[in-house]
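Please read the structure below before turning to the comments.
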Amino acid sequence: MKQSVLDIVICPDCGGGDLILDAINVVDLEVIDGRVLCQGCTRWFRVEGGVLDLLPADLRREHFYIEFSRRYGFYYIPSSLKGESQKLEQITFFAADADIYDADITDSPYYHVLDATVVLPWVERNIESGMRILEVGCGTGRQCKLLASRSDDVVSLDISEEMLRVAFKNLSNEGLTGAVNLIAADAERLPFKAQTFDGGLIVGTLHHVS
């Protein structure tokens with residue numbers, strides 16, 4: 001995560017935009033581990049493994065926060081809120097599926113053809129250097145790489161942190177993490193300020209939202 005992403009994100013719980021960074025582990029200007037604190041509602045959000053968790057409290061993965069707090073000595077009160085069952089089921093499903101998703105889905109002939117004939121031509125026609133691009137439902141980062149080939153200011157989100165961790169690894173392997181901010185978020189409650197992006201991409205995601 002780049003610190004500059006704080007200029008465009010808002011708190012998913014109170015909607016406030018006054019967020020500050022408490023960095024723990026920074027490598028080559030990338031925040032690998034740390035916290036983002038909302039000065040409005042006082043909630044804080046993890047940055048772990050290069051992924052910023054901006055899921056609202058009712059979708060939050062409490063065990064991640066408990067483990068993170070113990071590791072770094074933070075005080076944390078777990079939330080008892082429960083979000084939509086459909087979204088919680090998606091989170092659970094993709095947590096189990098993330099490690100095999102690339103082999104089963106991303107590397108299939110269908111998606112290679114889709115990227116080559118649809119996504120890449122769209123990216124080349126519409127994305128220019130300097131644009132800030134939002135990708136919704138990035139999964140393991142298949143299209144992150146295509147976007148990062150044109151813009152160094154890509155924000156890619158997914159509801160599954162496990163999928164985003166795989167995306168971070170895939171981007172790292174190609175030296176592209178500096179161009180992409182990976183955020184765990186709800187596609188129906190986007191945690192961004194208005195008039196933030198110059199373009200957007202959503203592929204294979206609409207069937208997951210209501």
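Quick notes on this one:
- Rounded accessible area of residue 198 (nearest 10 Å², 1.4 Å probe): 100
- Dipole magnitude for the stretch 76-182: about 240 debye, using +1 per Lys or Arg Cβ and -1 per Asp or Glu Cβ, origin at the Cα centre.
- Dipole of the chain, positive end: most advanced residue of 149, 76, 194 [Cβ charges, Cα centre]: 76
- Taking Lys and Arg as +1 and Asp and Glu as -1, the other residues whose beta-carbon sits under 15 Å from that of residue 59 total -4.
- Principal axis extents of the Cα atoms in the stretch 27-80, from largest to smallest and rounded to whole angstrom, are 37, 24, 18.
- Lys/Arg +1, Asp/Glu -1 at C-beta; the stretch 98-210 dipole; positive extreme among 209, 106, 178: 178
- When nucleic acids and ligands are ignored and a 1.4 Å probe is applied, residue 134 ends up with an accessible area of around 20 Å².
- Ranked by how many other beta carbons lie within 10 Å on average, peptides 14-24, 56-66 from highest: 56-66, 14-24
- Per residue accessible area in Å² of the stretch 147-204, where ligands, DNA and RNA are left out and the probe is 1.4 Å: 40
- The residues of the stretch 1-143 expose on average 51 square angstrom of accessible surface per residue, using a 1.4 Å probe on protein heavy atoms.
- Of the GluC sites (Glu not before Pro) in the stretch 82-133, those whose Cβ has at most 12 other Cβ within 10 Å and which sit in DSSP loop: 128
- If you model the chain as an ellipsoid using its alpha carbon gyration tensor, with each semi-axis the square root of five times an eigenvalue, the axes come out at 27, 19, 16 Å, biggest first.
- Where only DSSP H runs of four or more residues are counted, the chain gives -8500 deg cm²/dmol as its mean residue ellipticity at 222 nm, each run worth -39500 (n - 2.57).
- Computed from Cα positions, the angle between helix 62-72 and the longest principal axis of the chain comes to roughly 70 degrees.
- Net charge dipole size for the stretch 1-60 [Lys, Arg +1 and Asp, Glu -1 on Cβ; Debye, nearest 20]: 120
- Surface share of carbon and sulfur [accessible, 1.4 angstrom probe, percent] for the stretch 142-207: 47
- Carbon plus sulfur fraction of accessible area for the stretch 85-132, probe 1.4 Å, in percent: 56
- 5 angstrom amide H check on residue 23, placed H, neighbours 5+ away: 35
- Between the Cα long axis of helix 85-101 and the first principal axis of the chain there is an angle of about 60°, rounded to the nearest 10.
The values are calculated or read from the model by the stated rules, or taken from the named source; none is laboratory data. Please read these numbers as outputs of a predicted model, since none were measured by experiment. Counting neighbours? That spans all protein chains shown, and the Cβs are built from the backbone with ideal geometry, glycine included. Protein only, heavy atoms only, side chains kept; ligands, DNA and RNA dropped before computing areas. Shrake-Rupley method; radii C 1.70, N 1.55, O 1.52, S 1.80 Å.
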